[in-house]
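Peer 1: First, the structure itself, so that you have it in front of you.
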């Protein structure tokens, strides 16, 4: 522990991207924190993440913009192709014109590299402690803070609590106890060395192939040394929310209707990780006195907007700004943070559900989707993305600050 007493610190449950971003954001306000992580080590499972301009705005606000940029791969385009006939439906340039419009690039990064960038910066701050193999099981509020207990009945006290413990959040269960919604959509993820990846698909783009009840994604990682491969399908069986080892035979059984160019993606990986996905209905209350939720604990979403990690970092930056504006009054800051974030993140959750339906359209609906987007100008796509990619530090409290403080 640092010289600060334990009770003066903020407790952050969860050492993933959201938890580390929260710890780092608080350190910028001079606030020390203890991150409680249930895993035996700090790290991330998964493969690639897409980073919109709003993610880079958050990186900059957290003080690790250059570090993150050095580990990212910058794409030239976002491409959507019909997985049935191979036709291009959407192509959005993400080079200089995109950067000029949104003040930041579009990029992809390995999830472990993103986590490592946050971890390094948090460690360098000197204000963040980490406790691993610590699973929180009980939460109590006190007159001046919060006390939590782990699986060994050890207690930890802090002046506030941030639940950044993911889609199966213990903190959310304690305060909200709402049901999750299993989608029936299964996601397989893998990373393939570039020498094993088809040359005709080695594009510098975030590429999406959309098909009936399925889609496939690929993009470069690690400076083009690897390719991220993601496939999603509607499961034939009843699913339970969770992660497991995948089966190549299962993947191959779901993509008979896609064109040969796209289908070759599913034959590449030697091993897969399988995610049975779920989300939760958006809620209006995240903050409970000196306790609040952040990231997937607050707004778990499906992957179709490619914004889960980006939203967690936005949350962290916004929370720290609320604390600054509210002069470190935790209750007021958490209420302000909630007001700033609920509608935006709910829009992500609901838009992601709708986007999943659009991606996976079949029959006449597939034809309507293709006609709806094919031929649309670049500027029209940029305009449609302004609400999402226009987020920055200087507008993160837009519309709530005067109301909350006044």
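Table: residues versus (1) modelled with pLDDT of 95 or more; (2) within 30 Å of residue 276 (Cβ to Cβ); (3) crowded, with 22+ Cβ neighbours inside 10 Å.
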residue: 29; (1), (2), (3): yes, no, no
residue: 58; (1), (2), (3): yes, yes, yes
residue: 76; (1), (2), (3): yes, no, no
residue: 85; (1), (2), (3): yes, yes, no
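Peer 1: Additional query: Has segment 354-361 got at least one residue that is loosely packed, with under 14 Cβ neighbours inside 10 Å and more than 15 Å from residue 293 (Cα to Cα)?
Peer 2: Within segment 354-361, one or more residues are loosely packed, with under 14 Cβ neighbours inside 10 Å and more than 15 Å from residue 293 (Cα to Cα).
Peer 1: Can you go through 388, 350 and tell me which one is closer than 30 Å to residue 317 by Cβ and either in contact with a helix residue (DSSP H, G or I) (Cβ under 7 Å, 6 or more places away or on another chain) or outside any helix (DSSP H, G or I) (or both)? Give the derivation first.
Peer 2: Numbers: 350 fails: either in contact with a helix residue (DSSP H, G or I) (Cβ under 7 Å, 6 or more places away or on another chain) or outside any helix (DSSP H, G or I) (or both).
That would be 388, the only listed residue that is closer than 30 Å to residue 317 by Cβ and either in contact with a helix residue (DSSP H, G or I) (Cβ under 7 Å, 6 or more places away or on another chain) or outside any helix (DSSP H, G or I) (or both).
Peer 1: Related question: Output yes when any residue across segment 308-315 is within 26 Å of residue 108 (Cα to Cα), modelled with pLDDT of 95 or more and in a loop (DSSP other than H, G, I, E, B), and no when none is.
Peer 2: Among the residues of segment 308-315, not one is within 26 Å of residue 108 (Cα to Cα), modelled with pLDDT of 95 or more and in a loop (DSSP other than H, G, I, E, B), which makes the answer no.
Peer 1: Please tell me if residue 275 is in a loop (DSSP other than H, G, I, E, B), in contact (Cβ under 8 Å) with a residue 12 or more places away in the chain and under 30 Å from residue 318 (Cα atoms).
Peer 2: No: the conditions fail for residue 275.
Peer 1: Related question: For residue 336, indicate whether it is more than 18 Å from residue 23 (Cβ to Cβ), buried (at least 21 other Cβ atoms within 10 Å of the Cβ) and over 14 Å from the mean Cα position of the chain (by Cα).
Peer 2: Numbers: more than 18 Å from residue 23 (Cβ to Cβ): yes; buried (at least 21 other Cβ atoms within 10 Å of the Cβ): yes; over 14 Å from the mean Cα position of the chain (by Cα): yes.
Yes: the conditions hold for residue 336.
Peer 1: Follow-up. So residue 93 passes all but one of these: (1) under 23 Å from residue 375 (Cβ atoms); (2) surrounded by 20 or more Cβ atoms within 10 Å (Cβ to Cβ). Which condition number does it fail?
Peer 2: So residue 93 meets the others, but not (2).
Peer 1: Which of (1) out of contact with any helix residue (DSSP H, G or I) (no Cβ under 6 Å at 6 or more places or on another chain); (2) surrounded by 20 or more Cβ atoms within 10 Å (Cβ to Cβ); (3) closer than 22 Å to residue 174 by Cβ is the odd one out, the single condition residue 292 does not satisfy?
Peer 2: Condition not satisfied by residue 292: (1).
Peer 1: When you go through 119, 51 one by one, which is the residue that is more than 30 Å from residue 369 (Cα to Cα), touching a residue at least 24 places away in the same chain (Cβ under 8 Å) and surrounded by 17 or more Cβ atoms within 10 Å (Cβ to Cβ)?
Peer 2: Residue meeting the stated conditions: 119.
Peer 1: So which residues in segment 205-225 are in contact with a helix residue (DSSP H, G or I) (Cβ under 7 Å, 6 or more places away or on another chain) and surrounded by 21 or more Cβ atoms within 10 Å (Cβ to Cβ)?
Peer 2: 209, 210, 215, 216, 218
Peer 1: While we're on this one: Every residue in segment 104-140 that is part of a loop (DSSP other than H, G, I, E, B), over 17 Å from residue 73 (Cα atoms) and touching a helix residue (DSSP H, G or I) at 6+ places or on another chain (Cβ under 7 Å), please.
Peer 2: Answer for segment 104-140, where residues must be part of a loop (DSSP other than H, G, I, E, B), over 17 Å from residue 73 (Cα atoms) and touching a helix residue (DSSP H, G or I) at 6+ places or on another chain (Cβ under 7 Å): just 127.
Peer 1: Somewhere in segment 193-200, is a residue free of Cβ contacts under 8 Å to residues at least 40 places away in the same chain and closer than 23 Å to residue 356 by Cβ?
Peer 2: No, every residue in segment 193-200 fails to be free of Cβ contacts under 8 Å to residues at least 40 places away in the same chain and closer than 23 Å to residue 356 by Cβ.
Peer 1: Out of 262, 206, which single residue is part of a helix (DSSP H, G or I), touching a residue at least 12 places away in the same chain (Cβ under 8 Å) and under 25 Å from residue 365 (Cα atoms)?
Peer 2: Going through 262, 206 in turn, just one is part of a helix (DSSP H, G or I), touching a residue at least 12 places away in the same chain (Cβ under 8 Å) and under 25 Å from residue 365 (Cα atoms): 262.
Peer 1: With respect to the numbered conditions (1) at pLDDT 95 or above; (2) touching a helix residue (DSSP H, G or I) at 6+ places or on another chain (Cβ under 7 Å); (3) crowded, with 17+ Cβ neighbours inside 10 Å, which one is the sole condition not fulfilled by residue 63?
Peer 2: Unmet for residue 63, out of (1) at pLDDT 95 or above; (2) touching a helix residue (DSSP H, G or I) at 6+ places or on another chain (Cβ under 7 Å); (3) crowded, with 17+ Cβ neighbours inside 10 Å: (3).
Peer 1: With the structure loaded, tell me whether residue 376 is at negative phi, outside any helix (DSSP H, G or I) and touching a residue at least 12 places away in the same chain (Cβ under 8 Å) or whether it fails that test. Step through it out loud before you land on a result.
Peer 2: On the way: at negative phi: yes; outside any helix (DSSP H, G or I): yes; touching a residue at least 12 places away in the same chain (Cβ under 8 Å): yes.
For residue 376, the condition - at negative phi, outside any helix (DSSP H, G or I) and touching a residue at least 12 places away in the same chain (Cβ under 8 Å) - is met.
Peer 1: I would also like to ask the following. Out of all the residues in segment 353-373, which are touching a helix residue (DSSP H, G or I) at 6+ places or on another chain (Cβ under 6 Å) and either assigned to a helix (DSSP H, G or I) or farther than 22 Å from residue 88 by Cα (or both)?
Peer 2: Looking only at segment 353-373, we keep the residues that are touching a helix residue (DSSP H, G or I) at 6+ places or on another chain (Cβ under 6 Å), and these are 358, 361, 369.
Listed by number, the residues that qualify are 358, 369.
Peer 1: Any chance you could count how many residues in segment 391-406 are surrounded by fewer than 16 Cβ atoms within 10 Å (Cβ to Cβ) and either in contact (Cβ under 8 Å) with a residue 12 or more places away in the chain or in a loop (DSSP other than H, G, I, E, B) (or both)?
Peer 2: 5
Peer 1: Another one. Given the criteria touching a residue at least 40 places away in the same chain (Cβ under 8 Å), within 18 Å of residue 215 (Cβ to Cβ) and more than 15 Å from the chain's Cα centre (by Cα), does residue 330 qualify?
Peer 2: Judged against the criteria, residue 330 is not a match.
The values are calculated or read from the model by the stated rules, or taken from the named source; none is laboratory data. Please read all numbers here as calculations on a predicted model, not as lab measurements. Cβ atoms come from the backbone with ideal geometry, glycine included; neighbour counts cover every protein chain shown.
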